[in-house]
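K.L.:
Let me give you the structure first, and then I'll get to my questions.
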Amino acid sequence: MNDELRALVDEIGRQSYDAHVGRHGLPDPFDADLWRVLETSGLTRLTGEQGADPAEAAVVLGELARWAAAVPVAETDVLATWLAAQAGLDVPADGPMTVAIAEVDAGAGRIDGVAHDVPWPAVGPVVLAARSADATHVAVLPPAPADGTANLGGEPRGDVAFDLAADDVVRLPVAVADELARRGAWARCVQIVGAFDAAVALTVSHVGERKQFGRALDAFQAVQHSLATLVGDVERSRAATTLATYAAVDHGFGSAQADYAVTAAKVAVGRAVGPVTTIAHQLHGAIGVTIEHQLWLATMRARSWADEFGTTGWHATRLGRMALAADDPWDLVVGR
């Protein structure tokens, strides 16, 4: 089933990319046409309405990332819809949504503050997760005004201010905020690997076609070594992300197993972003740095996603603390 799903999303993503060649910008506008196709195909709320598992969601997120799709499917399906359901809040049955995460002091009977760098803040309802010392406060906010801010890859980002009475939010355990962040970190790992796949395919094609001194670039030993390093980093990232995906499939995102596996994946994938993007751009030369080129869309999104839902350094520190707290660190390393 996943092969058929992958083929479907790949075709949809390819058609959308071909239709928007040369039209990407900073920020990249929401692709309403692509969203309609995905929604009609039942792919925008796959885990909620369709009952799909994380492995199927990963196929959709990875393929869309490969084609630099300008739609918030991860934010809508994996995050906002799930969070609203946990709180029992009504949200629209269709259309895009997003999430805003903030730290708050829940004193004085009000929940107020600012959620920074909210993805796609203007496309639809914003489901707020405001975390205090002892609870996760959830509410549905209207779309935020677009302010033109974007991440390195052109995806819209913005700040969302909120000031709510305590009676206007649903109070849930702190563990809900923990799982939301874990879901977000997992989704970004999947998306980064999808962007890596685009970078590898583009780079292999380029060095096979580009000639220098009468030979294709991929005939030179130095280029072959760089390609081997590139592919090795991508496959290590894929292995770690696949482990995280199936930890979530088997045990749920709220489990200790998923917590460990997603943390490890965020470290592995984050550490690969620098080498993968550097090698891909070096082998492309100057053409890979223009916004019109698909490589730029892939690598700049990967660089931005690596810092979202916890930086690589933050997750590495957390992974180290897990090892120190374990009765036997080796059991942690091998996943017992």
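The values are calculated or read from the model by the stated rules, or taken from the named source; none is laboratory data. Because the structure is a prediction, the values reported are computed rather than measured. Glycine gets a Cβ as well: all are built from the backbone with ideal geometry, and neighbour counts include every protein chain shown.
K.L.:
Which condition number in (1) of a type in the set (Val, Ile, Thr); (2) over 30 Å from Asp163 (Cβ atoms); (3) touching a Pro at 6+ places or on another chain (Cβ under 9 Å) is the one that Val37 fails?
P.N.:
(3)
K.L.:
Name the residue that is surrounded by the most Cβ atoms within 10 Å (Cβ to Cβ), counting only residues in region 164-178 that are touching a Gly at 6+ places or on another chain (Cβ under 8 Å) and modelled with pLDDT under 95.
P.N.:
Applying the filter and picking the extreme gives Ala166.
K.L.:
Restricting to region 228-238, count the residues that are more than 15 Å from Leu202 (Cα to Cα) and touching a residue at least 12 places away in the same chain (Cβ under 8 Å).
P.N.:
Result for region 228-238: 5.
K.L.:
Residues Leu83, Leu64: which one is under 13 Å from the mean Cα position of the chain (by Cα) and not in a strand (DSSP E or B)?
P.N.:
Answer to the check: Leu64.
K.L.:
Inspect region 138-152 for any residue being closer than 21 Å to Ala302 by Cβ, touching a Gly at 6+ places or on another chain (Cβ under 7 Å), surrounded by 15 or more Cβ atoms within 10 Å (Cβ to Cβ) and modelled with pLDDT of 95 or more and give the result as yes or no.
P.N.:
No, because not a single residue in region 138-152 is closer than 21 Å to Ala302 by Cβ, touching a Gly at 6+ places or on another chain (Cβ under 7 Å), surrounded by 15 or more Cβ atoms within 10 Å (Cβ to Cβ) and modelled with pLDDT of 95 or more.
K.L.:
Yes or no: Ala106 among the small types (Gly, Ala, Ser), crowded, with 21+ Cβ neighbours inside 10 Å and modelled with pLDDT under 95?
P.N.:
Criteria not met by Ala106.
K.L.:
Scan region 203-225 and tell me whether some residue there is touching a Leu at 6+ places or on another chain (Cβ under 8 Å), at pLDDT below 95 and of a type in the set (Lys, Arg).
P.N.:
Scanning region 203-225, I find at least one residue that is touching a Leu at 6+ places or on another chain (Cβ under 8 Å), at pLDDT below 95 and of a type in the set (Lys, Arg), so the answer is yes.
K.L.:
Just need a number here: residues in region 179-200 that are in contact with an Asp or Glu (Cβ under 7 Å, 6 or more places away or on another chain) and either at pLDDT below 95 or among the hydrophobic types (A, V, I, L, M, F, W, C) (or both).
P.N.:
0
K.L.:
Something else now. Against the conditions (1) buried (at least 20 other Cβ atoms within 10 Å of the Cβ); (2) farther than 15 Å from Gln191 by Cα, where does Val262 fall short? Just the number, please.
P.N.:
Of the numbered conditions (1) buried (at least 20 other Cβ atoms within 10 Å of the Cβ); (2) farther than 15 Å from Gln191 by Cα, the odd one out for Val262 is (2).
K.L.:
Restricting the first residue to region 199-215 and requiring it to be at negative phi, which pairs with a second residue that is among the acidic types (Asp, Glu) meet a Cβ separation below 8 Å and a spacing of at least six or different chains?
P.N.:
As it stands, the answer is Val204/Asp218; Val207/Asp218; Gly208/Asp218, since those pairs meet every condition given.
K.L.:
Picking from Leu141, Leu83, Leu128, Leu164, which residue would you name as being touching a residue at least 12 places away in the same chain (Cβ under 8 Å), of a type in the set (A, V, I, L, M), touching a strand residue (DSSP E or B) at 6+ places or on another chain (Cβ under 6 Å) and under 24 Å from Thr40 (Cα atoms)?
P.N.:
Numbers: Leu141 fails: under 24 Å from Thr40 (Cα atoms); Leu128 fails: under 24 Å from Thr40 (Cα atoms); Leu164 fails: under 24 Å from Thr40 (Cα atoms).
Criteria check complete, one pass: Leu83.
K.L.:
Within region 200-228, track down each residue that is surrounded by 12 or more Cβ atoms within 10 Å (Cβ to Cβ) and within 31 Å of the chain's Cα centre (by Cα). Write out each step before concluding.
P.N.:
The initial filter retains those residues of region 200-228 that are surrounded by 12 or more Cβ atoms within 10 Å (Cβ to Cβ), namely 200-204, 206-208, 210, 216-220, 223-224, 226-227.
Matches in region 200-228: Val200, Ala201, Leu202, Thr203, Val204, His206, Val207, Gly208, Val223, Gln224, Ser226, Leu227.
K.L.:
Just for helices (runs of 4 or more DSSP H) wholly inside region 249-336: which have at least 1 residues that are within 21 Å of Arg210 (Cα to Cα) and at pLDDT below 95? Reasoning before the result, please.
P.N.:
On the way: elements: 256-284, 294-305, 312-325, 329-333.
By residue number, 256-284, 294-305.
K.L.:
Quick check: anything in region 211-227 part of a helix (DSSP H, G or I), in contact with a Phe, Trp or Tyr (Cβ under 7 Å, 6 or more places away or on another chain) and in the same structural domain as Pro329 (by TED's automatic domain parsing)?
P.N.:
No; the residues of region 211-227 include none that is part of a helix (DSSP H, G or I), in contact with a Phe, Trp or Tyr (Cβ under 7 Å, 6 or more places away or on another chain) and in the same structural domain as Pro329 (by TED's automatic domain parsing).
K.L.:
Does Val160 meet the test of being in the same structural domain as Thr44 (by TED's automatic domain parsing), buried (at least 21 other Cβ atoms within 10 Å of the Cβ), touching a Phe, Trp or Tyr at 6+ places or on another chain (Cβ under 7 Å) and modelled with pLDDT of 95 or more?
P.N.:
Numbers: in the same structural domain as Thr44 (by TED's automatic domain parsing): yes; buried (at least 21 other Cβ atoms within 10 Å of the Cβ): yes; touching a Phe, Trp or Tyr at 6+ places or on another chain (Cβ under 7 Å): no; modelled with pLDDT of 95 or more: yes.
Criteria not met by Val160.
K.L.:
Out of all the residues in region 109-123, which are assigned to a strand (DSSP E or B), farther than 14 Å from Thr136 by Cα and among the β-branched types (Val, Ile, Thr)?
P.N.:
Within region 109-123, Val114, Val118 qualify.
Yes/no matrix, rows are residues, columns are (1) among the β-branched types (Val, Ile, Thr); (2) assigned by TED's automatic domain parsing to the domain that holds Gln294:
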{"site": "Pro121", "(1), (2)": "no, no"}
{"site": "Val126", "(1), (2)": "yes, no"}
{"site": "Ala144", "(1), (2)": "no, no"}
{"site": "Thr149", "(1), (2)": "yes, no"}
{"site": "Ala181", "(1), (2)": "no, yes"}
{"site": "Val190", "(1), (2)": "yes, yes"}
{"site": "Val193", "(1), (2)": "yes, yes"}
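K.L.:
Considering Val234, Val267, which residue is in the same structural domain as Ala187 (by TED's automatic domain parsing) and farther than 29 Å from Ala177 by Cα? Break it down into steps so the answer makes sense when it comes.
P.N.:
On the way: Val267 fails: farther than 29 Å from Ala177 by Cα.
Answer to the selection: Val234.
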